[in-house]
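**Student:** Mind looking over this structure? Questions follow.
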């Protein structure tokens with residue numbers, strides 16, 4: 001079954017993978033070595049400042065965008081990857097990917113690999129080892145864990161991994177306390193939760209200067225906030241609202257349950273619109289300062305800061321870059337949407353193309 005990946009938003013470094021460097025406010029197909037479709041379904045799409053990684057369900061990784069520091073994981077002479085290109089993995093079986101401003105991270109079952117540029121410890125390779133291109137390999141092994149890796153997440157300048165034994169390790173810029181101790185961590189460190197009785201960790205999400213860890217203490221749900229709290233997010237988290245998942249923009253947290261509870265910065269409509277109705281949410285995703293939501297199989301809506309076209313074109317008479325309402329990004333008709341993702345002022349929708357289409 002083929003799939004088409006649609007994207008819009010910031011594209012100055014070809015990060016949409018559509019062979020142009022123009023920002024786009026209408027969803028259009030990304031290209032895979034020139035093809036409008038890809039035969040295997042994408043499982044994850046993660047975005048750095050100006051590059052994009054896509055993990056497929058078969059373990060392949062594809063990349064597009066700025067590769068000037070090798071952050072696409074491709075040892076190519078081209079400083080930009082204009083269409084999505086398959087990343088050589090040398091047999092690695094990748095289970096999770098993440099991306100920061102100018103770096104990328106791959107996780108296998110027990111090891112983490114990094115590439116790109118990290119002047120504040122973002123590569124985790126040790127002080128003075130901030131450029132993967134100088135180390136001779138597109139991907140450099142960071143660390144080997146004896147316990148299975150469940151997931152890896154990155155924000156602009158820090159990353160964390162969650163292990164099967166409920167331990168969390170992190171590296172990068174932790175000066176705001178987002179890795180528990182206020183320091184730059186040039187190598188992975190165990191993230192402690194002082195004063196918190198967390199016994200089970202279920203998920204993490206990362207903002208620009210904070211980390212949110214979801215888990216349990218016995219049978220009780222818990223949320224732990226680490227880092228700079230410019231927008232008083234912790235007050236809302238202390239109320240322990242019931243939720244199934246927490247997601248973070250750069251400066252806000254969104255708790256997804258029977259309803260959506262948004263906490264944090266609302267300077268450009270980042271809070272989920274209160275008048276969004278009571279329809280059951282099918283899919284929900286956030287980017288740097290905007291979000292996407294799907295209520296059925298065919299329509300995708302956006303809200304938040306849409307400066308680069310990542311929220312589409314206004315359905316209301318305004319020229320503002322703020323979308324403080326749910327804006328219809330696209331109606332796909334009978335075409336089935338299977339994944340939505342938000343990036344750094346970019347939006348992504350994956351559709352399954354039927355054999356009869």
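**Student:** Just to check your reading of the model, which residue among 315, 267 is loosely packed, with under 15 Cβ neighbours inside 10 Å, in a loop (DSSP other than H, G, I, E, B) and at pLDDT 95 or above?
**Tutor:** 267
**Student:** Another question about this same structure. Answer yes or no: is there a residue in the range 167-174 that is surrounded by fewer than 19 Cβ atoms within 10 Å (Cβ to Cβ) and either farther than 23 Å from residue 75 by Cα or modelled with pLDDT of 95 or more (or both).
**Tutor:** Yes, the range 167-174 contains a residue that is surrounded by fewer than 19 Cβ atoms within 10 Å (Cβ to Cβ) and either farther than 23 Å from residue 75 by Cα or modelled with pLDDT of 95 or more (or both).
Yes or no, residue by residue, for (1) touching a strand residue (DSSP E or B) at 6+ places or on another chain (Cβ under 9 Å); (2) on the phi > 0 side of the Ramachandran plot; (3) part of a strand (DSSP E or B); (4) touching a residue at least 60 places away in the same chain (Cβ under 8 Å):
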residue	(1), (2), (3), (4)
91	no, yes, no, no
94	yes, no, no, no
106	yes, no, yes, no
114	yes, no, yes, no
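**Student:** Among the listed residues 278, 304, 291, 309, which satisfies the condition of being assigned to a loop (DSSP other than H, G, I, E, B), under 30 Å from residue 222 (Cβ atoms) and out of contact with any helix residue (DSSP H, G or I) (no Cβ under 9 Å at 6 or more places or on another chain)? First the steps, then the outcome.
**Tutor:** Working: 304 fails: assigned to a loop (DSSP other than H, G, I, E, B); 291 fails: assigned to a loop (DSSP other than H, G, I, E, B); 309 fails: under 30 Å from residue 222 (Cβ atoms).
Of the residues listed, the single one that is assigned to a loop (DSSP other than H, G, I, E, B), under 30 Å from residue 222 (Cβ atoms) and out of contact with any helix residue (DSSP H, G or I) (no Cβ under 9 Å at 6 or more places or on another chain) is 278.
**Student:** Being touching a residue at least 40 places away in the same chain (Cβ under 8 Å) and either surrounded by fewer than 24 Cβ atoms within 10 Å (Cβ to Cβ) or part of a strand (DSSP E or B) (or both) is the requirement here; does residue 121 meet it?
**Tutor:** It is false that residue 121 is touching a residue at least 40 places away in the same chain (Cβ under 8 Å) and either surrounded by fewer than 24 Cβ atoms within 10 Å (Cβ to Cβ) or part of a strand (DSSP E or B) (or both).
Conditions (1) touching a helix residue (DSSP H, G or I) at 6+ places or on another chain (Cβ under 9 Å); (2) without any contact (Cβ under 8 Å) to a residue 24 or more places away in the chain; (3) closer than 24 Å to residue 339 by Cβ, marked per residue:
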{"residue": "212", "(1), (2), (3)": "yes, no, yes"}
{"residue": "215", "(1), (2), (3)": "no, no, no"}
{"residue": "222", "(1), (2), (3)": "no, no, no"}
{"residue": "228", "(1), (2), (3)": "no, no, no"}
{"residue": "237", "(1), (2), (3)": "no, no, no"}
{"residue": "245", "(1), (2), (3)": "no, no, yes"}
{"residue": "257", "(1), (2), (3)": "no, yes, yes"}
{"residue": "260", "(1), (2), (3)": "no, no, yes"}
{"residue": "273", "(1), (2), (3)": "no, no, yes"}
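**Student:** Exactly one condition in (1) at pLDDT 95 or above; (2) in contact with a strand residue (DSSP E or B) (Cβ under 7 Å, 6 or more places away or on another chain); (3) over 22 Å from residue 201 (Cα atoms) is not met by residue 230; state its number.
**Tutor:** (2)
**Student:** Listed residues 332, 284, 323; which is buried (at least 17 other Cβ atoms within 10 Å of the Cβ) and over 22 Å from the mean Cα position of the chain (by Cα)?
**Tutor:** On the way: 284 fails: over 22 Å from the mean Cα position of the chain (by Cα); 323 fails: over 22 Å from the mean Cα position of the chain (by Cα).
Answer to the selection: 332.
**Student:** Right, here's the next one. Wholly within the range 185-260, which strands (runs of 3 or more DSSP E) include no fewer than the required count, namely at least 2 residues that are more than 21 Å from the chain's Cα centre (by Cα)?
**Tutor:** 210-217, 220-227
**Student:** Could you list all residues from the range 175-202 that are on the phi > 0 side of the Ramachandran plot and crowded, with 17+ Cβ neighbours inside 10 Å?
**Tutor:** 177, 180 - these are the residues of the range 175-202 that are on the phi > 0 side of the Ramachandran plot and crowded, with 17+ Cβ neighbours inside 10 Å.
**Student:** Can you tell me which residues in the range 124-169 are assigned to a loop (DSSP other than H, G, I, E, B), in contact (Cβ under 8 Å) with a residue 40 or more places away in the chain and within 17 Å of residue 99 (Cα to Cα)?
**Tutor:** 124, 125, 138, 139, 155, 156, 157
**Student:** Continuing with the same structure: Residues of the range 133-155 being more than 16 Å from residue 186 (Cα to Cα) and buried (at least 19 other Cβ atoms within 10 Å of the Cβ), which ones?
**Tutor:** Correct list: 138, 139, 145, 149, 150, 152, 153.
The values are calculated or read from the model by the stated rules, or taken from the named source; none is laboratory data. Note that the structure is predicted; figures quoted are calculated from it, not measured. Cβ coordinates were reconstructed from backbone atoms using ideal geometry, including for glycine residues, and neighbour counts include every protein chain displayed.
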